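Working notes, structure below.
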Amino acid sequence: MKKAGKVLLLVALVLALAVLKGAFYVVQPNEYGVVRQFGAVQEVKEEPGLYLKIPYVQTVSTLPKTVLLYDLPISDVITADKHSMVLDSFALWRISDPRLFIESLSGSVATAESRINAIVYNALKTVISSQKQETIISGRDGRVVQLVMENIGDNFERYGIEMIAVETKTLDLPDDNKEAVYTRMISERNNIAASYAAEGAAEAKRIRNEADKQVEIILSEAKAGAEAKRAEGDAEYMRILSEIYDTREEAEFYTFMIALDAMEESMQGGDKTIILNADSPIAQLFN
């Protein structure tokens, strides 16, 4: 009897330990703890720690709390000008509302990724189909993914999902026509550059012609002004002479002085011989 009692006590202790062990569970920092009772969600633990549950009545499962990456399959997309491009992209997402995630997607990450694939791909296709191939190739500055995020909007909120970012790893031309497209784009850029150069040369020529015209006008006006001033000076000179030499004697004296000055100029240097007409003003000096 004593031996049987000990066995029963040992069994009771084992059962008690099993019950106690099943009554506790641990939630890690990188996960949500989901407590279900008879299949229904009873509670969601978002903070890490040690918690208590009802053994054999409540069960505990977990959902990831970290940022998750979903790599979309490589696919072909068509641009607005009907050109094919190769798209390889990925999405960064997280579970923001565990209860809603469980209610809408049964708490399945695989189901969530299926929805992400459909919604993100449709957004990418919509945005790329509204852009010309040349714009996409030459403007890889984040504008495409920004438009994709705007297109997605709040579509994931009803699933308890937060879409953090959508990025493209590859958005390029198919290998078989990549070289031809780049050659065409280079040719178009060269034509645009040549057009700008021609417009610049024409504008420079117009500016030079206008400047030359202005120079001619200024020189002409200056020449006309100089002639007018010279005429005014000659007139004033003649007026002064007429006032100074207003008698016959004064006029003869002026003529005499002019003749002396002319003779002095002609006699500069070495020996000189002057041959004059009899009526020359200088010859008159010797009469």
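State, to one decimal in nm, how far the label point of Glu103 lies from the label point of Leu219, with both points 7 Å from Cα in the Cβ direction.
9.1
Read phi for every residue in the range 219-228 and hand back ³J(HN,Hα) as whole Hz from Karplus 6.51 cos²θ - 1.76 cosθ + 1.60, θ = phi - 60°, with x for Gly and Pro.
Taking θ as phi minus 60°, the curve returns 5, 5, 5, 5, 5, 4, x, 5, 4, 5 Hz for the range 219-228.
How far apart, in nanometres, would the label points at Asn117 and Ala228 be if each is projected 7 angstrom from Cα along the Cα-to-Cβ direction?
Using points 7 Å along Cα→Cβ, the separation is 9.2 nm.
Given 0.36 nm per residue, what is the gain on full extension from Met149 to Tyr254 after removing their alpha carbon distance, in nm? Mind showing how you got there, number by number?
Details: separation 105, 0.36 × 105 = 37.80 nm, distance 10.38 nm.
Roughly 27.4 nm would be gained on extension.
Report the net charge of residues surrounding Gly33, where surrounding means a beta-carbon distance below 11 angstrom and charges are Lys +1, Arg +1, Asp -1, Glu -1.
Details: positive: Arg36, Lys45, Lys53, Lys65; negative: Glu31, Glu43, Glu46, Glu47.
Charge balance near Gly33 sits at 0.
With the crude spin-label approximation of a point 7 Å out along Cα→Cβ, what separation in nm comes out for Ala194 versus Glu210?
2.8
Assuming R0 = 51 Å, what is the FRET efficiency of Asp172 and Glu203, from their Cβ-Cβ distance, to the nearest 0.05?
Details: r = 39 Å, r/R0 = 0.76.
With a Förster radius of 51 Å, E is 0.85.
How long is the gain from Ile240 to Asp76 if the chain were fully straight, where each residue apart is worth 0.36 nm and the alpha carbon distance is subtracted?
Details: separation 164, 0.36 × 164 = 59.04 nm, distance 10.04 nm.
Computed gain between Ile240 and Asp76 is 49.0 nm.
Probe 1.4 Å, all protein chains in place: accessible area of Met163 in Å², nearest 10?
That residue has around 30 Å² of solvent-accessible surface.
Taking 0.36 nm per residue of sequence separation and subtracting the Cα-Cα distance, how much length would be gained by fully extending the chain between Val44 and Asp88, in nm to one decimal?
Values: separation 44, 0.36 × 44 = 15.84 nm, distance 3.58 nm.
Length difference between fully extended and current span is 12.3 nm.
Out of residues 5 or more away from Gln42 or on other chains, whose amide H comes under 5 Å of its own, with H placed 1.01 Å from N in the peptide plane?
Val35, Arg36, Gln37
The values are calculated or read from the model by the stated rules, or taken from the named source; none is laboratory data. Treat the numbers as computed from the prediction; the structure is a model and nothing was measured. Cβ coordinates were reconstructed from backbone atoms using ideal geometry, including for glycine residues, and neighbour counts include every protein chain displayed. Heads up: the accessible areas ignore ligands, DNA and RNA and are worked out on the full protein's heavy atoms, side chains in. Shrake-Rupley method; radii C 1.70, N 1.55, O 1.52, S 1.80 Å.
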